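Beneath this line is the structure, given in structure tokens, with notes to follow.
What follows draws every value from the coordinates through simple rules; no lab data is involved. Since the structure is predicted, the reported quantities are computational estimates derived from the model, not experimental observations. Reconstructed Cβ throughout: ideal geometry from the backbone, glycine too, with neighbour counts over all protein chains shown.
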Amino acid sequence: MPDRRRCAVLGSPVAHSLSPRLWRAAYAELGLDWTYDAIECTSDDLPERLAGMAASGEWVAVSLTMPLKLTAVSLVDDLDPAAAAAGAVNTVVFEPDRLRGMNTDVPGLSACLDEAGAVVADRAAPLVLGGGGTARAAVVALARAGAETVRVAVRDTARATPLLAVGARSGCEVRLEAWPMATSELGEPPVVVQTAPAGAADGLAATGEWPPGVPLVEVLYDPRPTDLAVAAGRSGARVVDGLRLLAHQAAVAIAVVTRSSIQMDVLGAALR
């Protein structure tokens, strides 16, 4: 086993990723002489890339960002329960003769829901904005928090039908809805989880007051803060932004990969 071990984040585009900053800060705190890089990789490139990494014997794990989270599901040998439920992988761990797929977005989002003070059990259905890979993790996290029904607002309900199976695997009902045109259409859910791409939800911020007392959890960290986060904060709602999710999910992955826990304040300092 080499003393210097390799990890990276793969995606396209990936140059903007803050994951290298987080992981390198963790390595420094833990006294590990490991590397962590950002590598451009498309979905078409991923099978060959993972196979080459596995064969080299140098790699411990890779993080995956868009558009690779769904592609990776069929490329790994084992899925952890969160990845199996979500049908999405954001971390691949290289084990002897096997690739293990994990989804650390799910526990990361669970931690963000706690920070937001979201109580979803025995309440009205929480609302997820967007239907991509992170929306899958949001559905799983909300189901684990006790939601029996999760509303998912998307622009194209036909493309979001895989989320129905995510809900079924997680023990909740997913109700697909048209994308809201105004904040008045949000209703009064116990929490809104915004997973849509940058800019997609900005229009909502200018269409009226954010529902008072409805917390917002955002997965975006660039740009930060978003117009929606500003509007929600102006109403007095609790807002947990994407930097917190990035740190929480990274803490889970780092603990698995390095077999050492890392304090959130170390990761928080790395993002400032």
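Note down the magnitude of the dipole of the chain about its Cα centre, charges +1 on Lys and Arg C-beta and -1 on Asp and Glu C-beta and zero elsewhere, to the nearest 20 debye.
Numbers: 23 positive and 31 negative charges, 34 e Å.
Roughly 160 debye for the chain.
Which residue, chosen from ALA229, GLY167, VAL152, occupies the Cα position most advanced towards the positive end of the dipole of the stretch 106-240, where the dipole is computed from +1 (Lys, Arg) and -1 (Asp, Glu) charges on Cβ about the Cα centre?
GLY167
With r defined as the distance between the Cβ atoms of ALA255 and ALA182 and R0 fixed at 45 Å, what FRET efficiency is calculated, to the nearest 0.05? Mind showing how you got there, number by number?
Numbers: r = 42 Å, r/R0 = 0.93.
Approximately 0.60, to the nearest 0.05.
Roughly speaking, what is the centre-to-centre gap between the stretch 1-71 and the stretch 202-272 when only Cα atoms are used, to the nearest Å?
Going from one Cα centre to the other spans 23 Å.
Pick out, from MET264, LEU216, PRO13, the residue whose Cα sits farthest towards the positive end of the charge dipole of the chain, with +1 on the Cβ of Lys and Arg and -1 on the Cβ of Asp and Glu.
MET264
Compute the distribution of all C-alpha to C-alpha distances in the stretch 190-272, in bins of 10 Å from 0, and list the percent of pairs in each, rounded to whole numbers.
Per 10 Å bin, starting at zero, the Cα-Cα P(r) for the stretch 190-272 comes out as 18, 43, 26, 12, 2 percent.
Using per-residue counts of other Cβ atoms within 10 Å, averaged over each peptide, order 240-248, 119-127 from highest down. Provide the component values of the computation, followed by the final result.
Details: 240-248: 22.7, 119-127: 17.9.
Output ranking for 240-248, 119-127: 240-248, 119-127.
For ARG238 and ARG123, what does the FRET efficiency come to when R0 = 22 Å and r is the distance between their Cβ atoms, rounded to the nearest 0.05? Could the numbers behind the result be given before it?
Details: r = 15 Å, r/R0 = 0.70.
That gives a FRET efficiency of 0.90.
How would you classify the stretch 140-249 from its alpha-carbon gyration tensor, with a ≥ b ≥ c the square roots of the eigenvalues: rounded for a/c under 1.5, else prolate if a/b is greater than b/c, otherwise oblate?
prolate
In bins 10 Å wide, starting from 0, what share of all Cα pairs of the chain does each bin hold, as a percent?
7, 31, 35, 20, 6, 1
List the residues, sorted by chain then number, that are 5 or more residues from VAL128 or on another chain and whose placed amide H is less than 5 Å from its amide H.
ARG151, VAL152, ALA153, VAL193
Which whole-number percent of Cα pairs in the stretch 113-173 have a distance greater than 15 Å?
On the way: 783 of 1830 pairs.
I get 43 percent for the Cα pairs in the stretch 113-173 exceeding 15 Å.
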